[in-house]
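Read the structure below first, then the notes.
The values are calculated or read from the model by the stated rules, or taken from the named source; none is laboratory data. These numbers were taken from a predicted model, which means no experiment stands behind them. Here the Cβ is made from the backbone with ideal geometry for all residues, glycine too, and neighbour counts use every protein chain on show.
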Amino acid sequence: MESAVTLADMGFDVALVEKEASIGGKMILLSKVFPTLDCSSCISTPKMAAVANHPRITLFTYSNVKSVKRDAHGFRVRVVSRNSYVDPQKCTGCSQCETVCTVARPDQFNDGMIARRAIYIPFPQSVPKKAVIEKKGLSPCSQACPAGIRAHGIVSLARAGKFREAAKRHLEDSPFPAALSCLCYAPCENRCTKGKTKKGAPIPIKGVSSLMANGYYGSNDQVAIKTAPDAPEKRVAVMDAGPAGLSAAYHLALNGYEVTVFTKDSAPGGILAEGVPEAGLSRELVAREIDNVIGAGVIIDTDTSMTPEEAGRRGFAAALAPVPWNPDLVMDPVVKDGIVTYPELVDRPYLLAHAIGWGRRAAVMVQALVEKRNSEDALVLVPALKREKIPAKDPHYTVATKLSEENVQEAVSGCLDCGVCSECRQCVEVCPGGAIDLAMKPSTCEIDTDSVVLATGFRLFDPARKPLLGYSRYPNVITAMQMDRLLAPTRPYNALLRPSDGKIPGNIAFVLCTGSRDVNAGNPRCSRICCMYSIKQAQLIMGALPISEVTIYYIDIRAFGKGYDEFFQQAEGMGTHFVKGKVVRVEEVKDQNLRVHFEDMEGKGGLRQANHDLVVLSVGAISNPGIVKVLGDDRVEQDELSYIREVDGTVEPGRTSVDGIFVAGAASGPKDIPDSVVHAGAASAQAASYLIRTGALK
Amino acid sequence: MTEKKIGAFICRCGGNISDYVDVEQVRKEIAREDNVTVAGINMFSCSDASQEDMIANIRENGLDGIVIASCSPKLHLNTFRAMAERAGLNPYQYIQVNIREQCSWAHTHNKDAATRKAVSLVREGVAKAKLSEPLTPIELTAQPSVMVIGAGLAGMRAALALGEMGVTVYLVEAAPEPGGSIKGRKSLFPDNSSGHELVESLLERIRANGNIVLYTSAEILEKTGSVGNFTIRIQVDGKNETTLSVGAVIVSTGSGSYRPTDGEFGFGLSCVLTLNQYIDMLDSSTDTFLLNGRKIRNIAYIYCVGSRRTGKEGNRYCSRYCCSAAVHTAVRTHEVDPSIGQFHFYRDIRTYGAYEELYHEALKKGSVFLKYGLKDPPQVTEVSGSGLRIRAKDLLTGAETVELETDLVVLVTGMVPGENSQLIDILKLPVGKEGFFNEIHPKLRPVETVMDGIYIAGACQGPKTLSESVVSGMAAVAKSASLVLTGKVNLDPFVARVLTEKCTGCGECISSCPYGAISMKETPDGTVVEITESLCKGEGACVAICNEEALEIKGYGHNMIKAMIEALGG
Amino acid sequence: MIVDVKSTVLPKILVFSTDSISDPGIDLAGASHMDYSTGAMVISVPCSSGIHPGWILHALKNGFDGVFIAADGTDCPFLEDCTARTGNIVAAAQALLKENGIDPMRLKMAAICSVCSESFVSHVEKFNSVLLKLEA
């Protein structure tokens, strides 16, 4: 941010690319900052606003740089803005979507200590304050459904206890929730990742659907009957009252078409008309499902013969008709001469989902035909099936076990949320601005720049790599970033509590040099920040919990910056215990308390132990070299620890091995905030000097 | 004043406001207010369509003030100011009233009360709009030149960077030669580069660049003017005076070195040297390694001399560079003569970041480290015939007393502020309690001072290593370049003004201003104060202390605030 | 001369906030749907060291029952000694209130940072009950 504002202030146009949905980096997440104990947010937010409002800065958040290529004029940078599925122009940052979202994810902005939703605004001070949806394609279960039903959405809604909403969500995709829950051979369950884990059974999606459908039909809530729309130019005839025909008719009617279903039979439903008792599908349930179709505004004309040709003569704009099942032919609807044909199920009710899918696809094709537009985008919603995916022989019905609501709740709680967003569409419904669009596509743009500044910062050492310290094994061993979040005013739990039991910790230990000055951990260097942030946290803890004891295990206290040693002396004065000792092991003892084994370097010497009820690992900084890969032929040199190397650390700060590419802040080596900010200023000066020398200015 | 025509727009924010506040009620009540020509409701005020509607409204009705009651100004103040500008209105005649974060969202349980509060808030906004006046940001021109004071490494590098940007630079050095503290050094940490070569190569580049004028043996006599337009008088060689006009000033006068008091750790004894003295000796020795004609077998280093003290006995701060400089020197010594024993009496080894590698190197080469505490510092005494004896408690071995005979004691002394009292006086530089120059804010504005247009760089700001000094020098380049490259300074219009009819000329406000922006002015009607807008930051410290209410910040005037209070309280 | 407020009516509190520090903190309270008295209403200024004591008196004479200064404290972007300066304003205002026969308890100051939403709400609520007691 500092580099961007400084360069923009000098009169250069700057594009700032940030991978998260908000700018602010790690600093905005901190509680207070050393050595002044200023509120971190109070320092960051004005800078964030300055970046966002600067007329010369174009901000790309939630975006990644895919490539940087040098050309005759400078660099061509390809930036992919990740798909947020939310129109930032329409989002007002009101958070209503977060309250209805049915998928929880660990909150990366609280170091995973609490959950956020799949749709989220990063944190209260976000810039821009816009929601984004985390979505990794379609979950396997949803993808597997031949009818295009968002199985994951049904499961996540059920998990939230929203069975009615689940049924409504199903009805957006098919009018046959009950029939499917009885008949379908459940490819969704086959694909369920949970079923592929070592001891996991797949989520019983059929059972969930059954409970959902029965609950829906059991309630007094009737399907509202719509009258058939009066749309003469959108009149469609369907020559099939079986599942595929009804599915097509249903979707067309939902899209404003005037649809008439013709059948020679005396009742609609085709192979479902009489129910499928051996699968537990009663006639009554089928009748309710056909009511869904009628409710959508479809006219069903029984005891009537009709041919596509006749329909054409009667002025229908399009006609749909089944063709006899032939496994050797294309298993997808076909459009020809204004007639859409699709395979007919005769004695294969287990393939109901396929029939519904064909109906949906046929409906899309009809719409494309009538409205004279491309059908590709809409067809993506219900993918065409590969022939080999259709079971060749009857897989027999497995009548879904009747599950109670509790059983279901328990079963669905195991859902892994593979695709993250479940497409339950609750956010779409609640958003007052209509900002959410699950069909949105990511955008890519190419930026021509004259110079590139890399300010990609650092990562924190993962203490799980030091298993003896107990992180991820013992709940009360946390990282300093987690502690900082616990101390922040915008913190989780709203209090400083230890994770295992929510007890207020009374005796807290800090283990310095976790992943720093440690050849075995791959980082022989000192990370520069850990001593100071630990001392800061110690002071904040003692302020928040005056009776607590805080012990800092250190090798050397490196309080070297302006006002830092005074800050250290202040912590000593407040009663923080400083123990010169290297912690070798942390073990859990009674009540999930922890015993710290350390090599006492001062005092008595030797290996000693002490008990604490919370251990904070002051993790070091490591390099974050991902960006180097996108530089292609212009890869900048890196040092032994993969930080971006400054070619001359003494007189040329910020200059990399590649002309025109500069490095700012902790991307060239760990730095505290003041040092990073000053370094960013220096990198800007280098970039500006380069731009002026090469004649890029103006 | 002609009657203002104000348009007030209440935003529903798609329910975020209208679910908890009866916006129609608010609109009705506001429509009744004097001067309110238009009162409307928007579904989403920030949407393009609503903005276009409002623009049309402003133009059709000739509105000269608008109020939008919507979300926090932090989100959309700039959006709507830009909209006002597009509609041909001065952006400062747009008033945003926060009825979302500070009303509907805070009071979700009581629609009546929230609606009443919203009405009061919008009335306040209307009151403010009535009295709002068109403001324009202050724009000053800036001279396209910079003065860099102090030609140490940071100053030289800064001057060169500016010169390479095409900026005229006056590089002013008090000493007869540029180069500062490192010019004679043979080997600097961490990469053993030669100070002499560094200085020479920079000087060569400076000379080759046509934009830099170097003054040595020069002294600053006087500074007038303010950001963008300073006039500085200097004297060279104690005789020739020159007056220079510059847009900005970078101060990089470096630091001094702590001089131990006589007897402090044996200082004054012939074989007790400061680190700098020892490095001089290393730099000047060739292959023989002698002190007072005797071969050195053992060296003891005592760290933190003159740093990290408590109470009144010395400097409290850590000098940052000395640990790394000392271990680097030890490594050099090991390389000159591996047989020399080296003993380090330290408190904490602060070889931070990559300097840690130097510490490892020293350990690997055989340096021995002993930790002393402030309570029992090492005692240095002279032993006749055999050199020095050092006696200390080593905390690493259970505070055992260690006695060591040594040929040489090196006192690792820290940095102290340079002698700059005259410069401080002339430039009005802010000085911290340790005597180093103070930045405005170590994180937000680390090289800027409260004096706009005057930047600080290098060790004059606090102890720094060489490379860190250069980094801050370059950061100061970036800041000053944004002034001189664009040729103008843009300042917020929210600065103080004097209501001269009320001013009694008492001058109380002059000392209240931390930026020296207020001065006395004689007028035919008596003495009043006047504001130098380019120095004013608009925080209002002067406003609060003037009993006559003769000072106010534009956009926050007394009448306006009082009218707002009345609108809210009524 | 305080406008006579019926005890059933909420005390009216004028809050002076600062544009870059305490106003965002108060925003956050609302954004987190924390509830506080609807009688509290905010005027934002650049810095708490620029609040004129006369405004405080003016508020208490024109319908407000209390004035709360949400000060920048140590987070002030302008002045290192902002807290001391704001303290001086409070002292001057309190003298002014005494002269005018107004209880100095009606003025309160606390540092509110940009994320101090909880602390803001608790200050307002406490102040509210103090003012209610004064009315009784």
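Restricted to region A:334-346, and to residues there that are out of contact with any strand residue (DSSP E or B) (no Cβ under 9 Å at 6 or more places or on another chain) and more than 12 Å from A:Gly242 (Cβ to Cβ), the residue that is modelled with the lowest pLDDT is A:Asp337. Of the residues making up region B:348-369, those that are surrounded by fewer than 21 Cβ atoms within 10 Å (Cβ to Cβ) and at negative phi number 9.
When restricted to residues that are outside any loop (DSSP other than H, G, I, E, B), at the interface with chain C (Cβ under 9 Å from one of its Cβ atoms) and surrounded by fewer than 19 Cβ atoms within 10 Å (Cβ to Cβ), region B:544-570 contains 1.
Going by the structure shown, is B:Tyr515 in contact (Cβ under 8 Å) with a residue 60 or more places away in the chain and either outside the structural domain of B:Arg233 (by TED's automatic domain parsing) or farther than 30 Å from A:Gly563 by Cβ (or both)? So B:Tyr515 passes the test. Screening B:Gly238, B:Gly247, B:Gly225 for residues that are buried (at least 22 other Cβ atoms within 10 Å of the Cβ), touching a strand residue (DSSP E or B) at 6+ places or on another chain (Cβ under 8 Å) and farther than 23 Å from B:Leu466 by Cα leaves exactly one candidate, B:Gly247.
Of the residues making up region B:445-483, just one is of a type in the set (A, V, I, L, M), in a loop (DSSP other than H, G, I, E, B) and more than 21 Å from B:Gly516 (Cβ to Cβ), namely B:Ala457. Can you tell me which condition C:Lys61 does not meet? The list is (1) more than 8 Å from chain B (Cβ to nearest Cβ); (2) within 22 Å of C:Lys126 (Cβ to Cβ), and all the others hold. That leaves (2) as the condition not met. Counting only strands (runs of 3 or more DSSP E) that sit wholly inside region B:116-196, those with at least 2 residues that are modelled with pLDDT of 90 or more are B:145-149, B:168-172. Exactly one residue out of B:Pro442, B:Pro430 is within 15 Å of the chain's Cα centre (by Cα), within 8 Å of another protein chain (Cβ to nearest Cβ) and at pLDDT below 90: that is B:Pro442. Can you tell me which residue is nearest to A:Val238 (Cα to Cα) among those in region A:263-306 that are among the hydroxyl-bearing types (Ser, Thr, Tyr) and in contact with a strand residue (DSSP E or B) (Cβ under 8 Å, 6 or more places away or on another chain)? For region A:263-306, the residue satisfying everything is A:Thr263. In this structure, B:Ile95 does not qualify as on the phi < 0 side of the Ramachandran plot, in a helix (DSSP H, G or I) and buried (at least 21 other Cβ atoms within 10 Å of the Cβ). Residues of region B:82-108 being without any contact (Cβ under 8 Å) to a residue 24 or more places away in the chain, more than 19 Å from B:Arg12 (Cβ to Cβ) and either aliphatic (A, V, I, L, M) or within 14 Å of chain C (Cβ to nearest Cβ) (or both), which ones? Passing the criteria: only B:Ala82. For region B:461-480, the count of residues that are at pLDDT 90 or above, more than 10 Å from every other protein chain (Cβ to nearest Cβ) and touching a helix residue (DSSP H, G or I) at 6+ places or on another chain (Cβ under 9 Å) is zero. Among the residues that make up region B:514-536, is at least one of them at the interface with chain C (Cβ under 10 Å from one of its Cβ atoms), more than 27 Å from C:Gln94 (Cα to Cα), surrounded by 15 or more Cβ atoms within 10 Å (Cβ to Cβ) and out of contact with any His (no Cβ under 6 Å at 6 or more places or on another chain)? The answer is yes, given that some residue of region B:514-536 is at the interface with chain C (Cβ under 10 Å from one of its Cβ atoms), more than 27 Å from C:Gln94 (Cα to Cα), surrounded by 15 or more Cβ atoms within 10 Å (Cβ to Cβ) and out of contact with any His (no Cβ under 6 Å at 6 or more places or on another chain). Restricting to region B:185-202, and then to whatever is surrounded by 19 or more Cβ atoms within 10 Å (Cβ to Cβ) and closer than 21 Å to B:Tyr359 by Cα, can you tell me which residue is farthest from the other protein chains (Cβ to nearest Cβ)? Of everything passing the filter in region B:185-202, B:Arg185 is farthest from the other protein chains (Cβ to nearest Cβ).
Looking at this structure, is A:Arg635 at pLDDT below 95, touching a helix residue (DSSP H, G or I) at 6+ places or on another chain (Cβ under 8 Å) and more than 22 Å from B:Asp191 (Cβ to Cβ)? Considered against the rule, which asks whether it is at pLDDT below 95, touching a helix residue (DSSP H, G or I) at 6+ places or on another chain (Cβ under 8 Å) and more than 22 Å from B:Asp191 (Cβ to Cβ), A:Arg635 comes out as yes. Does A:Gly112 count as modelled with pLDDT under 90 and either away from every other protein chain (no Cβ under 12 Å) or more than 27 Å from C:Glu80 (Cα to Cα) (or both)? So A:Gly112 passes the test.
Filtered by the rule that a residue be part of a loop (DSSP other than H, G, I, E, B) and away from every other protein chain (no Cβ under 14 Å), region A:535-588 gives A:Leu545, A:Pro546, A:Ile547, A:Ser548, A:Gly575, A:Thr576. Looking across A:Ser44, A:Ser84, A:Ser22, A:Ser3, one residue alone is within 14 Å of chain B (Cβ to nearest Cβ), assigned to a loop (DSSP other than H, G, I, E, B) and either of a type in the set (S, T, N, Q) or under 23 Å from B:Met165 (Cα atoms) (or both). It is A:Ser22.
Residues in region B:302-323 include at least one that is closer than 30 Å to B:Ser480 by Cα, within 14 Å of chain A (Cβ to nearest Cβ), crowded, with 20+ Cβ neighbours inside 10 Å and in contact with an Asp or Glu (Cβ under 7 Å, 6 or more places away or on another chain).
Taking region A:634-677 as the range and being touching a residue at least 24 places away in the same chain (Cβ under 8 Å), at negative phi and small (Gly, Ala, Ser) as the test, the residues that pass are A:Ala664, A:Ala666, A:Ala667, A:Ser668, A:Ser676. Do we find a residue being of a type in the set (Val, Ile, Thr) and surrounded by fewer than 17 Cβ atoms within 10 Å (Cβ to Cβ) anywhere in region A:76-97? Scanning region A:76-97 turns up no residue that is of a type in the set (Val, Ile, Thr) and surrounded by fewer than 17 Cβ atoms within 10 Å (Cβ to Cβ).
Taking the conditions (1) free of Cβ contacts under 8 Å to residues at least 40 places away in the same chain; (2) away from chain A (no Cβ under 13 Å); (3) under 19 Å from B:Glu400 (Cβ atoms) in turn, B:Val383 satisfies each one other than (3).
Residues that are over 18 Å from A:Asp672 (Cα atoms) and crowded, with 24+ Cβ neighbours inside 10 Å within region B:440-472 comprise B:Gly453, B:Ile454, B:Tyr455, B:Ile456, B:Cys460, listed in sequence order. Just wondering, is there one or more residues in region B:490-505 that are part of a strand (DSSP E or B) and either modelled with pLDDT under 90 or among the acidic types (Asp, Glu) (or both)? Yes, that holds for at least one residue.
Conditions (1) more than 10 Å from every other protein chain (Cβ to nearest Cβ); (2) hydroxyl-bearing (Ser, Thr, Tyr), marked per residue:
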residue: C:Asp19; (1), (2): no, no
residue: C:Ser37; (1), (2): no, yes
residue: C:Ser49; (1), (2): no, yes
residue: C:Trp55; (1), (2): no, no
residue: C:Gly66; (1), (2): yes, no
residue: C:Ala95; (1), (2): yes, no
residue: C:Glu118; (1), (2): no, no
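A count restricted to region B:163-178 and to residues that are out of contact with any strand residue (DSSP E or B) (no Cβ under 9 Å at 6 or more places or on another chain) and either closer than 21 Å to B:Arg320 by Cα or within 12 Å of chain A (Cβ to nearest Cβ) (or both) stands at 3.
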